[in-house]
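Notes follow once the structure below has been shown.
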Amino acid sequence: MRRRTFIRNIALASGMMAVAPMAACSGNEEDYDFPLMDLHVHLAEDLTIDDIMEISRATNIQFGIVENPGEMVYDDESLRAYIEMLRPYPVYIGLQPMSPGWTANFSPEAIAELDYVLMDPQTVPNGNNFGETLRIWNVDTYVDDTEYFMEAYMDRYLEVINNNEPLTTLGWPLFLPACIARDYYKLWTKERMETIITAVKNRDLNIEINDLAHTPHEEFILMAKEEGIKFTFGSDTADNKAGRLSYCKEIARKCKLTRKDFFVPDRVLPA
Ligand SMILES: [Zn+2]
C-alpha cells in the first residue's frame, strides 16, 4: 500500500473509532496497561516528521526519532540542527550510534540535549571470517563457526554495554543472523542471558523490545524484569510502518509488563 493511501485509511479508521463504542476500539492506549510508545523510528524521504505526526494522531502512539550519526548528524552543529528541527514537535529525540567511540565528534553539552541514546551490538568483528566485520542485520550474513561467533557476539554486547559513553537503551537484544536463527533457544543459554542482564543492570540501561526482529523472547524479558530493568518498544522502521508494534504488544501482555516497567524519557513534550 502506498503511504498516502495508508495514511488516508488510518485517518478514516480513527475517525470511525471515535463514534464506535469503547469496547470496539483497538489500538487505543486505554486497551493497554503499558504506554504505547515507539522509540525506534528513523526519518526518511518516505517518512517525514509530519507523516509521523499524522500516524501518531491516528494511532495514539507516542514516537521517539533516532538518527544514526554519520550522514546527517556528524558534529555539534549538525546534531543541534537535528534537535532544533524536531523540538517543535511532540516527539522524543534520540541518537543511534553504530559503534563505540562515537562521542569523539560531539561535545558532552550537545549530547546532553538528546532524550536518549540507543545502541545495538549488530556489528560483530568476526576474526574467523577473514577478519571481516559482520553486519548481522543483513540476511546473507554468514557464520562459519557458530560457537566462535557467539563468543565474539557476547564480547560485542559487553563492549557496547560497558563502553564509557552515554547510553540509555540496548537495542536489538538477542537478535541472531538468519543462518543460525533456528538455534535461538539453544544458543541463548541461561548463562549468556544472565551475563547480558547483569551488565545492563550494572549500567542502569533499558532494554528494547524490537518489533522488527521479534526479540527478545519471554524468558529473557521476565529475567530482566525480575532485576528491575525497564523496557522500550521499537519498530525500527523508516516508512509508513512506523508504530507497527504487534510483537511488542503481544509479548508485553504475555509478560504482564505495566507502565512502571517502561522507560519514558523525562522531557515534557510540546503539545
Ligand atoms: Zn535503527
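Arranged from fewest to most other beta-carbon atoms within 10 Å of their beta carbon, 179, 248, 255 become 179, 255, 248.
Close amide H partners of residue 207, meaning residues 5 or more places away or on another chain with modelled amide H under 5 Å apart, are 170, 230, 231, 232. Local charge for residue 217 was computed over the other residues whose Cβ lies under 12 Å away, with Lys and Arg +1 and Asp and Glu -1, and equals -2.
In region 74-134 the Cα-Cα distances spread across 10 Å bins starting at 0 as 19, 43, 22, 13, 3 percent of all pairs. Computed from the C-beta positions of residue 76 and residue 227, the FRET efficiency with R₀ = 35 Å rounds to 0.45. Scalar couplings 3J(HN,Hα) for region 213-221, obtained by applying the Karplus form with A = 6.51, B = -1.76, C = 1.60 to θ = phi - 60°, are 8, 6, 9, x, 8, 3, 4, 5, 4 Hz; x denotes Gly and Pro.
Note on the chain: along the principal axes its Cα atoms extend 59, 44, 36 Å, ordered by decreasing extent.
With a Cα cut-off of under 23 Å and a minimum spacing of 8 residues unless on different chains, the lysine pairs in the chain number 22.
Once the chain from residue 49 to residue 201 is taken as fully extended at 0.36 nm per residue, the excess over their C-alpha distance is 51.4 nm.
Its DSSP H runs of at least 4 residues, each contributing -39,500 (n - 2.57), put the calculated 222 nm mean residue ellipticity of the chain at -10500 deg cm²/dmol, to the nearest 500. Look at 103, 232 and count the other Cβ atoms within 10 Å of each Cβ; fewest to most, that gives 103, 232. Consider a paramagnetic label point 7 Å from the Cα of residue 190 along Cα→Cβ; state which residues of region 242-262 have an amide N under 16 Å from it. Residues passing the 16 Å test: none.
For residue 40, the amide hydrogen comes within under 5 Å of the amide hydrogens of 64, 235, 236, counting only partners 5 or more places away or on other chains and with H modelled in the peptide plane. Counting neighbouring Cβ atoms within 10 Å and putting the fewest first, the residues 146, 258 line up as 258, 146. A Förster radius of 35 Å combined with the Cβ-Cβ distance from residue 246 to residue 113 puts the calculated FRET efficiency at roughly 0.60.
Start at zero, step by 5 Å, and the Cα-Cα distances of region 61-164 spread as 2, 11, 20, 19, 14, 13, 10, 7, 3, 1 percent across the bins. How much of the pair distance distribution for region 124-271 lies past 27 Å, counting alpha-carbon pairs only, in percent? Of the Cα pairs, 24 percent sit more than 27 Å apart.
Taken together, the values in this text are just the output of simple stated rules run on the coordinates, not laboratory data. Small disclaimer: the values here were computed from a predicted structure and weren't measured. Glycine gets a Cβ as well: all are built from the backbone with ideal geometry, and neighbour counts include every protein chain shown.
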